[in-house]
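The structure appears below as structure tokens.
The values are calculated or read from the model by the stated rules, or taken from the named source; none is laboratory data. None of these values were measured; they are calculated from a predicted model. Every residue, glycine as well, gets a Cβ built from its backbone with ideal geometry; the counts of neighbours run over all protein chains shown. SASA here: full protein model, heavy atoms, side chains in, ligands and nucleic acids out. Shrake-Rupley method; radii C 1.70, N 1.55, O 1.52, S 1.80 Å.
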Amino acid sequence: MFSYCVNAEECNILCRLEGADYPASYGVTTSGSSLNLKFVTHGPNSPYPNVGSRIYLMADDNTYAVFNLLAKEFTFDVDVSQLPCGVAADAHFSEMAADGGMAQSGGWNTAGAKYGTGYCDSRCPRDLKFINGRANTYWTPTGLTTGFGPYGSCCAEMDLWQANSISTAYTAHPCEIDGQYRCDGNTDDCGASSSTGNRYGGVCDPDGCDYNPYRLGNPSYYGTGSSKTVDSSKKITVVTQFITNDATPDGTLVEIRRLYLQNGAVISNAQVYVAGTPFDSITPNYCDTQKAAFGNEASFQDHGGFVNMSGALRRGMVLALSIYDDPDANLLWLDSNYPVGATGSGVARGTCPTSSGVPADVEAQYPNASVTFSNIKFGPIGSTYWQNGGLCVQLPPTLRTAVIQPTPKEKPETLRSLFHFVSRSQSRDIMDSILSVSGRKRLLSEADDTVLTPKKIRAQLPPTPTSKRTSAPAKAFTPTRLPSSLQPLLAAYEAIEDSMIPALATSGVAAPSADPTDPRKMCIKNVLHHSSVPGLSIETLKRLVHILEWEAEGSSKLAPSLLDDDP
């Protein structure tokens, strides 16, 4: 094969990166807030078709947008209805440099983010033409337009969405290094892409801790058709939430949650059982249990697990969107049985046959396959979906920006003690809203003495004080006795009274079922329980949610303890 240059130095002098006609050459088109990626494109200036594409979200013409994801959520709409077996769409974060690696290259890279340089992920890919500004020379071709060089580019990766119309997964991949790292493919350094074959010997976790409902034993959750909980033949809103131990961006990652929205409903993540233990999100316990139950290598844990993943999310990551096929494993790891011929838990990942996914076949049969991403949103947890009067609405800035430090040792709050510090009219309005939010106001019959009605509850409230800050009647708390842990609840009620509660109360939502995963109940929980208000702990919000919820065992009654001021 003819070569224009023989080493990295010569290639750096002789070769250049140039702009591209994205629609004509790569099948990438935009319309408003939508991005469409076409699978196979026959460009006007190439004898070979272009297969797949990967693009990045920019902050400006020369800089990638960098997201700090801890205590935040990331939401987008996606349409994968045109993606068959063997073709996948991907939305993931990689710990790339914002400038595309220019500063790190020592002057070798003068193109930068504007020309798409600096890519890396947990597979340590070796099919990149330039790494750290140096040409990846001594190229080994694997096809007309594919091949690999001696070096790979490694960094932490968070897969928000790897999916086609058959299967879906979201996966965390930590690394032992910070930022982007050039590995040597002739050693174990590159792990999965190393020529040594030592998949787990590199600096990054190639397998990740994944959550694929089908693989986890819930085959009816995702796929094409109305019989599935999430119907891949229609547009899907995907919400990924990064929960920290203290609900702040300074905390440590403890959970990666997933929600979907479709057909006007919020859909909680698939409930699964692994080794008899229920899960609905990625947590350290889930990852440990899953790896052990499936007999998989503990590569996630060996490469730092949640601790190192937390570090990468805190430092910031770049969004990449792509469409692709898989010459290494025919995408069987996503939508079929993998490894082929294996048996046991975790092998089945989708309904595609093990003979599917061969790149030559899918490129010939499905050249017009495509994916559409749209409506990308990023913000505090609970703020990016259902913002227009639906079941979940955006929390007001007063709540999102409040800085509250609850004292966990304080006596638990009660409805009655809370209402000592609001006017009687506010008490009535808030109680009516709480009962409406619960969806069970219609169950409260004045004739039924076993049920707490709004009238009965109001009768137990104290007389209206002249001011929130004046002394309350006997037995009532005075402002000086207001527990510090009650203050955030009072502030939260005041903040959401005029926005979230009325929207919920007037949304016509049916009564949530006793099932704790009911999407209508999960919606409230994900706005309140998992809020990322700086300084507002999850435990404090649990108390607020508890006030909004009905007693678990008696769905038509409020828990008596909520109305009892005694210890």
Notebook entry, point to check: Can you give the net charge of the other residues whose Cβ lies under 10 Å from the Cβ of Phe148, counting K and R as +1 and D and E as -1?
Noted result: 0
Notebook entry, point to check: So how exposed is Trp333, as accessible area in Å² (1.4 Å probe, rounded to 10)?
Noted result: 70
Checklist line | Placed amide H near Ala135: partners under 5 Å, 5+ positions off or other chain | finding: Asn12
Check: Across all directions of projection, what mean area in square nanometres is found for the Cα convex hull of the range 81-225?
Finding: 10.0
Notebook entry, point to check: To two decimal places, what compactness ratio does the range 1-94 give when its Cα radius of gyration is scaled by 2.2 N^0.38 Å?
Noted result: 1.40
Notebook entry, point to check: Using the Cβ atoms and a cut-off under 12 Å, what net charge is assigned to the surroundings of Pro367, where Lys and Arg are +1 and Asp and Glu are -1?
Noted result: -2
Checklist line | Rounded accessible area of Phe130 (nearest 10 Å², 1.4 Å probe) | finding: 70
Check: Got a sec? What order do Lys377, Lys72, Lys114 fall in by accessible area at 1.4 Å, biggest, i.e. largest, first?
Finding: Lys114, Lys377, Lys72
Check: For the range 140-219, what ratio Rg/Rh do Cα atoms give with a Kirkwood hydrodynamic radius?
Finding: 1.05
Margin query: At 1.4 Å probe size, put Thr372, Thr252, Thr384 in order of accessible surface, largest to smallest.
Written below: Thr252, Thr372, Thr384
